[in-house]
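> For reference, the structure I am asking about is given below.
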There are 2 protein chains.
Amino acid sequence: MSEPRSVGAVRPQTMHFDTPLACRSGAVLDAYDLMYETYGRLNAAGSNAVLVCHALNASHHVAGFYAAEPDKVGWWDNMIGPGKPLDTDRFFVIGVNNLGGCFGSTGPASTDPKTGRPYGSSFPVVTVEDWVETQARLADRLGIERMAAVMGGSLGAMQALQWAIGYPARIANAIVVAAAPKLSAQNIAFNQVARQAITTDPDFHGGDYYAYNVVPRSGLRLARMIGHITYLSDDAMMEKFGRSLRSGAINFHFDVDFEVESYLRHQGDKFSEYFDANTYLLITRALDYFDPAAACGGDLARALSPAQARFLVASFTSDWRFAPARSREIVKALLDNRADVCYAEIDAPHGHDAFLLDDARYHALVRAYFENIAKECGDLAPQAATGATA
Amino acid sequence: MSEPRSVGAVRPQTMHFDTPLACRSGAVLDAYDLMYETYGRLNAAGSNAVLVCHALNASHHVAGFYAAEPDKVGWWDNMIGPGKPLDTDRFFVIGVNNLGGCFGSTGPASTDPKTGRPYGSSFPVVTVEDWVETQARLADRLGIERMAAVMGGSLGAMQALQWAIGYPARIANAIVVAAAPKLSAQNIAFNQVARQAITTDPDFHGGDYYAYNVVPRSGLRLARMIGHITYLSDDAMMEKFGRSLRSGAINFHFDVDFEVESYLRHQGDKFSEYFDANTYLLITRALDYFDPAAACGGDLARALSPAQARFLVASFTSDWRFAPARSREIVKALLDNRADVCYAEIDAPHGHDAFLLDDARYHALVRAYFENIAKECGDLAPQAATGATA
């Protein structure tokens, strides 16, 4: 095994699709672009492809960095690269910015060719099912009939589940980290407050703020702050910030006194500078709506019954957003179906964010799982034409 | 024991104070009013008074109803009344709207006699310690040297703790329900987001919105929605709302689809119609700042060492805002001091809100505790002059 290292400088690519997409909402998108990145090389059999699905605020930039922006490291760079748990010396890894996103794929800020103006409020409310369909189309275009694995954390894990349900013959392994089979009422409630913060911001203009040269920054900041609290555990926040005071004393005002206030505001500020508010609405709604069991009278086992993939399901003890009990619902349903599932509940203090962190036990688990996948992939020699690789 | 019933029609009273109050912040309030209610009768020895302290959004209206508004029932009416756990046939119960409030006590919306305009942003940042001082002054004026008990839930419980620390000779029993000895980083974080929602509302005008004939309603709604999520347990929300849809189907929009969204919005709307945004800022900040151990190098036992009261501490298993572990910190510190403490961890599904609900085990506990207090109070015959009673 080589020493783990970065995949190095990478470059995003765009794929244009002009086969209309009939969304679950009934809306039809005539054409769209997907922004994606790939690392490693597809083998001759096309059997070593791994799709990495992103969660709320991430993108196609999963690993490596950009030559012009060496600090812009991919969001799952600790997991993916040569010698890393998902080893790009063996696997052909694909990251894609989901439809409706704000990092290059067609989304609310994109120009609607029919009007010449940004889609804004007219962009379809996309779902996990819609995303997976577009990802399958991207796989077609990259010449991948069957994914060695689809992998994701949180909302990304929901996409991996949906691949297993919607394209059972096209996915060999689903790696489902820090997931839930559907949001709880509390999860939806937090999303509702975040969306209300955005839509009641006077700069929102019903979603068509682009025309006004403003963005609903206050609302987006609040939305991010609310979300961020739910990504961390109470203990992790206490460990990191405690009740530390910025100036060493209480100042009897409503501005920042505690370090945790400063941190949260900073997170909100940063986020509001790069993320599109409409995309935030879309993505939180996709989370709310995902519920594969709903069409089966609430029977998750029945919803998962088409799946042929093997599953790795992992959760983190301190994750209160998608607690281990939620992952166990998935595992139980898979076991009811006699599916092949490996489950790990990882003792980690960092809350939901743990899925993004470099935890030794977690990474060892994923590494071991990919070792087994590699054995199924056969010869890892790349195909002759490498046009599809980065 | 009589059948539990309502204390009936009650009327609030105002007490004016013109001895300046030196707040912990350094600010001085020259004069102020406190709005309060009393139920039952003070006995001749003045030994049966119970002060009930309120939490975030409540008031002096603790029990009974108003003759002109029979639906306006006190916020702890299930606990307090003839034959109820806190029996007004035996105890003289006092509810007071805290200084800085918006239900009749002097607060940010009150007219500053120096300017003839509402205090607004110039109102002092009041603390739990300041509130307890004003409550002690009210006790003086009502002729009560020593409280039979000071009782509260959540922020109200912090006031009971502060009574035990600040006025050890004037409180016989502290009833501390659903409490924490100080907020965690996560607690502060939620408060920070709520305050940001208010202060970034364009209608906030730096806290001086009264002059503009507006209120920062959007911000206050968001603040309440965020708070409300933390009052309920995930399980209780799932039990109450699940993923029920208002129209029976998903509508692919950002308006209300799920019942829980409708409920939260309704809570936010209602709250924003009656609560003052500046009061919300003040009260959440009082929560943030309360930390009696801070002055003792973080040693809670040392902070509580002046206390002479007996303590009843109660927590609820599903309360994740102030989890049982937080109450146990208080109990541990009291035991370290060899204080007289009774602790109950009540198995209740309702989260933090459980302290307001009519739970049989919880109410039986409080009833039993007050039985013992009654024995200490001696003759319960009222004093001859009853001017101080309702």
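The values are calculated or read from the model by the stated rules, or taken from the named source; none is laboratory data. Nothing here was measured: the structure is a model prediction, and the numbers come from that model. FYI the Cβ positions are ideal-geometry reconstructions off the backbone, even for glycines, and counts take in every protein chain you see. Each accessible area value is taken on the protein alone, full model and side chains, heavy atoms only, with ligands, DNA and RNA left out. Shrake-Rupley method; radii C 1.70, N 1.55, O 1.52, S 1.80 Å.
> Between the range A:339-383 and the range B:277-300, what is the separation of their alpha carbon centroids in Å?
Computed from Cα coordinates, the inter-centre distance equals 44 Å.
> Are there residues in the range B:149-190 whose accessible area shrinks by at least 30 Å² when all protein chains are included rather than the chain by itself, and which are they (probe 1.4 Å, ligands and nucleic acids not counted)?
Going by heavy-atom accessible area, the residues of the range B:149-190 that drop by at least 30 Å² are B:184, B:185, B:186, B:188, B:189, B:190.
> Taking 0.36 nm per residue of sequence separation and subtracting the Cα-Cα distance, how much length would be gained by fully extending the chain between residue A:140 and residue A:360, in nm to one decimal?
On the way: separation 220, 0.36 × 220 = 79.20 nm, distance 3.50 nm.
Gain in length upon complete extension: 75.7 nm.
> Please give the Cα centre distance for the range B:69-116 versus the range B:197-274, rounded to the nearest Å.
After rounding, the separation between the Cα centres reads 25 Å.
> Which net charge results when you count Lys and Arg as +1 and Asp and Glu as -1 among the other residues whose beta-carbon is under 13 Å from that of residue A:298?
Working: positive: A:182, A:302, B:243; negative: A:291, A:299, A:329.
Overall, the nearby charge balance is 0.
> Hey, another quick one. Can you tell me what the convex hull of the Cα atoms of the range B:157-274 projects to on average, as an area in nm²? Walk me through the numbers on the way to the answer.
Details: hull surface 44.1 nm².
Over every viewing direction, the Cα hull of the range B:157-274 projects on average to 11.0 nm².
> What does the C-alpha gyration tensor say about the overall shape of the range A:211-305? Classify as rounded when a/c is under 1.5, otherwise prolate if a/b is larger than b/c, or oblate.
Details: a/c = 4.16, a/b = 1.63, b/c = 2.54.
Taking the square roots of the gyration eigenvalues as a ≥ b ≥ c, the range A:211-305 is oblate.
> Can you pull the mean other chain C-beta count within 10 Å for peptide B:231-239?
3
> Now, a different point. If you take the accessible area of A alone plus B alone and subtract the pair, what total do you get in square angstrom, rounded to 100, with a 1.4 Å probe? Walk me through the numbers before you get to the answer.
On the way: alone 16470 and 16500 Å², together 28270 Å².
Chains A and B together bury approximately 4700 Å².
> If you don't mind, another one. How much mean residue ellipticity at 222 nm does chain A get from its helices, if each DSSP H run of length 4 or more adds -39500 (n - 2.57) and you divide by all residues, to the nearest 500 deg cm²/dmol? Numbers along the way, then the final one.
Numbers: 10 runs with 128 residues, N = 390.
Result for chain A: -10500 deg cm²/dmol, rounded to the nearest 500.
> Sorted by accessible area with a 1.4 angstrom probe, largest first, how do B:89, A:112, A:235, B:208 fall? Working shown, then result.
On the way: B:89 90, A:112 20, A:235 115, B:208 55 Å².
Ranking B:89, A:112, A:235, B:208 by accessible area, largest first, yields A:235, B:89, B:208, A:112.
> Per residue of the range A:314-323, what does 6.51 cos²θ - 1.76 cosθ + 1.60 with θ = phi - 60° give for ³J(HN,Hα)? Whole Hz please, x for Gly and Pro, Karplus curve as stated.
9, 9, 10, 4, 8, 7, 9, 6, 10, 5
> Okay, next question. Which cross-chain or sequence-distant (5 or more) residues have an amide H under 5 Å from the amide H of residue B:112, H modelled 1.01 Å from N in plane?
Result for residue B:112 returns B:117, B:119.
> Oh, and also: Please give the net charge around residue A:38, taking every other residue with its beta carbon less than 13 angstrom from that of residue A:38, where Lys and Arg add +1 and Asp and Glu add -1. Can you show the working numbers first?
Details: positive: A:11, A:41, A:141; negative: A:37.
Here the count lands on +2.
> Where Rh is the Kirkwood radius over the Cα pairs of chain A, the temperature 20 °C and the viscosity 1.002 mPa s, what D in µm²/s does Stokes-Einstein return?
Answer from the Stokes-Einstein relation: 99 µm²/s.
> Follow-up. Rg and Dmax of the range A:62-213, using alpha carbons, in Å: what are they?
17.9, 50
> In addition: Nearest 0.05, what FRET efficiency do residue B:16 and residue A:374 give at R0 = 60 Å with Cβ-Cβ as r?
Numbers: r = 80 Å, r/R0 = 1.34.
Taking R0 as 60 Å, the efficiency between residue B:16 and residue A:374 is 0.15.
> I've got another one for you. Summing Lys, Arg as +1 and Asp, Glu as -1, what charge do residues with Cβ under 15 Å from the Cβ of residue A:49 carry, residue A:49 excluded? Please list the in-between numbers first.
Working: positive: A:41, A:90, A:137, A:141, A:146, A:170; negative: A:37, A:87, A:89, A:140, A:145, A:376, A:379.
Residues near residue A:49 contribute -1 overall.
> Within straight cross-link reach of residue B:270, meaning Cα distance under 22 Å, which lysines are found once same-chain residues fewer than 8 apart are removed?
Within the straight-line limit of under 22 Å, residue B:270 reaches these lysines: B:72, B:240.
> Counting other C-beta atoms within 10 Å, and keeping those with at most 12, which DSSP coil trypsin sites (Lys or Arg not before Pro) do you find in the range B:274-370?
Qualifying residues, ordered by number: B:338.
> Starting from the 7 Å offset along Cα-to-Cβ, what nm value, one decimal, do you get for the label separation of residue B:214 and residue A:211?
Modelled inter-label distance: 2.2 nm.
> Can you give me the long-range amide H partners of residue B:245? Hydrogens built in the peptide plane at 1.01 Å from N, cutoff under 5 Å, separation of 5 or more residues or another chain.
B:259
> Now a separate question. Quick one: which residues, 5 or more positions from residue B:24 or on another chain, have an amide H under 5 Å from its amide H? H modelled 1.01 Å from N in the peptide plane, none for Pro or chain starts.
HN-HN under 5 Å from residue B:24: B:127, B:130.
> Cut-off 20 Å, label point 7 angstrom out along Cα-to-Cβ of residue A:28: give me the residues of the range B:213-252 whose amide nitrogen falls inside.
Once the point is set 7 Å along Cα→Cβ of residue A:28, B:252 turn out to lie under 20 Å by backbone N, inside the range B:213-252.
> Starting from 0 in steps of 10 Å, tell me what percent of the Cα-Cα pairs of the range A:1-150 lands in each bin.
11, 39, 32, 14, 2, 0
> If I take all pairs of Cα atoms in the range A:1-85, what percentage of them are more than 14 Å from each other?
On the way: 2550 of 3570 pairs.
In whole percent, the long-distance tail amounts to 71.
> Keeping all protein chains in place and using 1.4 angstrom, which order do B:28, A:341, B:50 fall into by accessible surface area, from largest down?
On the way: B:28 80, A:341 35, B:50 0 Å².
From most exposed to least exposed: B:28, A:341, B:50.
> Compute, for residue B:16, the solvent-accessible surface of its heavy atoms (probe 1.4 Å) with the complete set of protein chains present, and express it in square angstrom to the nearest 10.
Estimated to the nearest 10 Å², residue B:16 gives 100 Å².
> Using a 1.4 angstrom probe on heavy atoms only, work out the carbon and sulfur share of the accessible area of the protein assembly as shown in %.
On the way: 14020 of 28270 Å².
Looking at the protein assembly as shown in its full context, I get 50 percent from C and S.
> Can I ask one more? Which trypsin sites (Lys or Arg not before Pro) in the range A:175-255 pass both tests, a DSSP loop state and at most 16 other beta-carbon atoms within 10 Å? List each step's numbers first, then the result.
Details: sites: A:182, A:195, A:217, A:221, A:224, A:240, A:243, A:246; in loops: A:182, A:243, A:246.
Listed in order of number, the matching sites are A:246.
> What does DSSP give for the protein assembly as shown in terms of the percent of beta bridges that are antiparallel, rounded to the nearest 5?
Details: 32 of 86 bridges.
In the protein assembly as shown, approximately 35 percent of DSSP beta bridges are antiparallel ones.
> For the protein assembly as shown, what is the per residue volume of the convex hull drawn over the alpha-carbon atoms, in cubic angstrom?
Numbers: hull volume 136.9 nm³, N = 780.
It comes to 176 Å³ per residue, whole-number rounded.
> Next up: Ignoring everything but the protein chains, give the 1.4 Å probe accessible area of residue B:199 in square angstrom, nearest 10.
50
> Let me ask something additional. Name the lysines eligible as straight-distance cross-link partners of residue B:332: C-alpha to C-alpha under 19 Å, and not fewer than 8 places from it in the same chain.
Partners found: B:182.
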